[in-house]
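A short worksheet on the structure shown next.
The values are calculated or read from the model by the stated rules, or taken from the named source; none is laboratory data. All values derive from a computational prediction rather than experimental measurement. Every residue, glycine as well, gets a Cβ built from its backbone with ideal geometry; the counts of neighbours run over all protein chains shown.
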Amino acid sequence: MKATAGSQPGRHTQAQAQAMKDVIFALGWGQSQKIELDPALRVPLATALADYAPDVHEMLAGLDNEYIVNAGDNKSPWEAGGTYHLSVWNSVLTKTLRAVAVDPQAYALLRMAETRTAAGQLAAVPADATGVDLSLPPTKNARALGILDGIADAATSQDADQARKWHAAVFDRLITEQADQAEPAGRLTATWLQELKNTPEQQRAERLHTQGVDMARTWAQTRTMDEPTRQELLTKVENSARNAHEEVKH
């Protein structure tokens, strides 16, 4: 995985982004819906994917045209914002994430990376945003998180006792995470982590499914937004999460 990592977190050369893309395609390509991954590779691969969190976020959300047109195996990484970005087909990414998520520590790494990215997306929305500029970031977040919910379901669908142990390990990791509350994205992340921590253990798995709505609600409270706009927004976010969760089941 060393070939995929940059000298700074989240910064990659074209060769590093291409190496990451090659790894995902090598794992997720093929007809089988399920791939077996060496258990020793699950956490390292999740760590590598977490370093590409903005790209994983956009691929999971599946709404950014740049990521859609550059998803093919013959498409090279592209430069934007001072780093190189990559995209793969949604089916290839989903299969790879399912294989990684069997390890709860690996899933927690991916979930935390998406949480921080989602918070950053919300914090970046201009104060005067309206319409789609206001609703798109939280609905994209909910889509990405909804797909991760479906991946969690796949990782825990075999045995109820194993599912409890898997979720307990995920939550043990998540609730010990820290966030820098000096800036808006960090405060959003910290608020959600505290809400999860305050949720009774037996209800945390269900609480995870409402993360997109919970984060959007916290964010909406920090903005000047009338009640009808807020309710309409949260309904869109809830629908986005539910639809994505259903999609990944099939």
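The residues listed here are 67, 107, 84; of these, the one that is buried (at least 20 other Cβ atoms within 10 Å of the Cβ), in contact (Cβ under 8 Å) with a residue 12 or more places away in the chain, touching a helix residue (DSSP H, G or I) at 6+ places or on another chain (Cβ under 8 Å) and not in a helix (DSSP H, G or I) is 84.
From the list 231, 203, the one residue that fits, being free of Cβ contacts under 8 Å to residues at least 12 places away in the same chain, in a helix (DSSP H, G or I) and closer than 20 Å to residue 104 by Cα, is 203. Residues in the range 115-167 that are of a type in the set (Gly, Ala, Ser), farther than 26 Å from residue 219 by Cα and surrounded by fewer than 12 Cβ atoms within 10 Å (Cβ to Cβ): 2 in all. Among the residues making up the range 116-133, those that are touching a Leu at 6+ places or on another chain (Cβ under 8 Å) and part of a helix (DSSP H, G or I) are 118, 119, 122, 123.
Annotation: of all residues in the range 4-32 being among the hydroxyl-bearing types (Ser, Thr, Tyr) and surrounded by fewer than 16 Cβ atoms within 10 Å (Cβ to Cβ), the one that is modelled with the highest pLDDT is 13. In the range 5-22, the residues that are touching a residue at least 24 places away in the same chain (Cβ under 8 Å) reach residues that are outside any loop (DSSP other than H, G, I, E, B) and among the aliphatic types (A, V, I, L, M) with C-beta atoms within less than 8 angstrom, at least six apart or across chains, in these pairs: 5/48; 10/53; 12/20; 16/3; 20/48; 20/49.
With the structure loaded, tell me whether residue 206 is under 24 Å from residue 101 (Cβ atoms), assigned by TED's automatic domain parsing to the domain that holds residue 134 and exposed (fewer than 14 other Cβ atoms within 10 Å of the Cβ) or whether it fails that test. Criteria met by residue 206. Among the residues of the range 215-228, those identified as assigned to a helix (DSSP H, G or I) and either of a type outside the set (Lys, Arg) or touching a residue at least 60 places away in the same chain (Cβ under 8 Å) (or both) are 215, 216, 218, 219, 220, 221, 227, 228.
One line per residue, one yes/no per condition, for (1) in the same structural domain as residue 8 (by TED's automatic domain parsing); (2) in contact with an Asp or Glu (Cβ under 9 Å, 6 or more places away or on another chain); (3) modelled with pLDDT of 95 or more:
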| site | (1), (2), (3) |
| --- | --- |
| 45 | yes, no, yes |
| 56 | yes, yes, yes |
| 60 | yes, yes, yes |
| 63 | yes, no, no |
| 66 | yes, yes, yes |
| 72 | yes, no, yes |
| 89 | yes, yes, yes |
| 95 | yes, no, no |
| 108 | no, yes, yes |
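Scanning the range 185-196 for residues that are over 24 Å from residue 59 (Cα atoms), surrounded by fewer than 13 Cβ atoms within 10 Å (Cβ to Cβ) and either assigned by TED's automatic domain parsing to the domain that holds residue 119 or of a type in the set (S, T, N, Q) (or both) turns up at least one hit.
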